[in-house]
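Notes for the one structure printed next.
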Amino acid sequence: MPATVTNEQVEKVVYDALESFGAEPSAISRDADFKTLDVDSLDLAEMSQIVNEEFGVKLTSDDVREIRTVGDAIDLVVARA
């Protein structure tokens, strides 16, 4: 886990995860919501596991229910890292 986690580091991990879930790369942006990207709750659970492994940040099921956009997820991880 890096000493300082930047928006760019988290953004890359989150974007890569979303692509692996089948989201269209050109549709992924900070403003994109998960529903539009066709990312379901299982994908979000997997993404929270990836974030935990990469940055040591645990996202609860309540956190996952609250985040709506890619930017929300990135900001939450950076804030907790």
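The values are calculated or read from the model by the stated rules, or taken from the named source; none is laboratory data. As the structure is a computational prediction, the values presented were derived from the model and not from experiment. Please note: Cβ atoms are built from the backbone with ideal geometry, for glycine as well, and neighbour counts cover all protein chains shown.
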- request: Please go through segment 39-48 and pick out each residue that is surrounded by 13 or more Cβ atoms within 10 Å (Cβ to Cβ) and either of a type in the set (S, T, N, Q) or not in a helix (DSSP H, G or I) (or both).
  value: Val39, Ser48
task: Working only within segment 16-36, note down all residues that are within 12 Å of the chain's Cα centre (by Cα) and aliphatic (A, V, I, L, M).
output: Ala17, Leu18, Ile28, Ala32
query: Among (1) part of a loop (DSSP other than H, G, I, E, B); (2) more than 23 Å from Val5 (Cα to Cα); (3) not aliphatic (A, V, I, L, M), which single condition is Ser26 missing?
result: (1)
statement: Of (1) outside any loop (DSSP other than H, G, I, E, B); (2) crowded, with 18+ Cβ neighbours inside 10 Å; (3) of a type outside the set (Gly, Ala, Ser), Leu59 satisfies every one except (1)
- prompt: Any residue at all in segment 64-71 that is part of a helix (DSSP H, G or I), modelled with pLDDT of 95 or more and not charged (D, E, K, R)?
  reply: yes
message: Quick test for you: out of Val13, Val70, Val64, pick the one residue that is surrounded by 13 or more Cβ atoms within 10 Å (Cβ to Cβ), without any contact (Cβ under 8 Å) to a residue 40 or more places away in the chain and of a type outside the set (Asp, Glu).
response: Val64
query: So which of Val39, Val13, Val57 is within 15 Å of Ala79 (Cα to Cα) and under 12 Å from the mean Cα position of the chain (by Cα)?
result: Val57
